[in-house]
Amino acid sequence: MRVRRLFPTSLYAAPLQRGGTTGFNARLLRECLQLRRDDRAGAAWSKDRYVGGYTSYGSVNRMQHFSPTFADLERKLDRHVRVLARQLDFDLDARPLEMTDCWVNIMPPRVSHPGHLHPLSTISGTYYVRVPRGSPGLKFEDPRLERMMAAPPLRDNARADNRRWFVQDAVVGHVVLFESWLRHEVAANASGSERVSISFNYNWF
């Protein structure tokens with residue numbers, strides 16, 4: 001074997017817990033929808049920065065400190081974050097990763113979320129509360145893309161780890177984790193109803 005695969009980009013996806021999440025997601029959904037009704041600052045922020053949708057990112061972005069249900073979500077997510085951190089060989093003996101931000105996203109039909117990353121964070125992720133049929137997944141971009149000035153096109157059957165973009169399906173009750181420098185986006189919601197997710201950041205400093 002003469003080819004080594006160096007500097008991999010890791011993507012983690014798994015069910016939040018065994019035994020299903022129907023009851024837990026019902027509680028989260030009620031709180032997400034109630035927050036949208038009450039959060040005037042978030043509605044104003046979303047009007048300019050998340051057109052057509054609602055996010056509490058600019059207003060109430062530490063939900064784990066305000067809601068017992070979201071604090072429970074944090075505890076459940078901690079286990080998954082530790083798994084990914086071990087896979088990445090992070091040295092966390094002196095200081096563990098901790099959730100710093102946690103916010104709500106509600107994406108009505110035809111609303112999209114343009115490409116971005118999460119600066120000043122270590123691991124970021126999304127947990128899916130409600131995913132109507134036809135909802136978009138999370139699209140990731142190859143971080144080397146801007147340097148591929150002379151790269152030829154890829155074959156239609158190219159392996160996932162060679163593609164320039166990869167879409168991780170949105171699945172109710174599943175969590176997706178990735179390193180925060182990885183650029184990602186969500187295409188327009190092609191379903192007939194709202195897609196609800198909870199995003200978060202973990203940091204070690």
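Laboratory data are not the source of any read-out in this text; all were calculated from the coordinates shown. Please read all numbers here as calculations on a predicted model, not as lab measurements. Note: ideal-geometry Cβ built from the backbone for every residue, glycine included; neighbour counts use all protein chains shown.
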- Query: Given +1 on the Cβ of Lys and Arg, -1 on the Cβ of Asp and Glu, and no further charges, what dipole in debye does region 2-82 carry about its Cα centre, rounded to the nearest 20?
  - Reply: 500
- For SER197, SER46, what ranking results if the residue with the fewest other Cβ atoms within 10 Å of its Cβ goes first? SER46, SER197
- Note on the structure: Row for region 121-171, column shape: gyration tensor on C-alpha, a ≥ b ≥ c, rounded if a/c < 1.5 i.e. under 1.5, prolate if a/b over b/c, else oblate; value oblate
- Item | Length-normalised contact order for region 1-129 - Cα pairs under 8 Å, 6+ apart - percent | 28
- Note on the structure: Footprinting proxy, LEU182, LEU97: sorted fewest to most Cβ within 10 Å, the residues are LEU182, LEU97
- For the chain, size of Cβ-based charge dipole, Lys and Arg +1, Asp and Glu -1, in debye: 500
- Query: When all alpha-carbon pairs of the chain are counted, what percent fall beyond 29 Å?
  - Reply: 26
- Note on the structure: Per the charge dipole of the chain (beta-carbon charges, Lys/Arg positive, Asp/Glu negative, Cα centre), the residue among TYR57, HIS174, LEU28 reaching farthest to the positive end is HIS174
- Cα-centred dipole magnitude for region 21-127, charges only on beta-carbon of K, R (+1) and D, E (-1), debye, nearest 20: 440
- Item | Computed E for LYS47/GLN87 - FRET, C-beta separation, R0 35 angstrom, nearest 0.05 | 0.35
- Between LYS139 and GLN34, the two model label points (7 Å from Cα along the beta-carbon direction) sit apart by a distance in nm of 3.6
- Message: Can you compute the helix-only [θ] at 222 nm over the chain? Use -39500 (n - 2.57) per DSSP H run of at least 4 residues, normalise by all residues, nearest 500 deg cm²/dmol.
- Response: -7500 deg cm²/dmol
- Note on the structure: Simple SL model, points at 7 angstrom along Cα→Cβ for HIS116 and SER10; separation in nm is 2.5
- Linear extension gain, MET1 paired with ALA160, 0.36 nm per residue minus alpha-carbon span: 55.2 nm
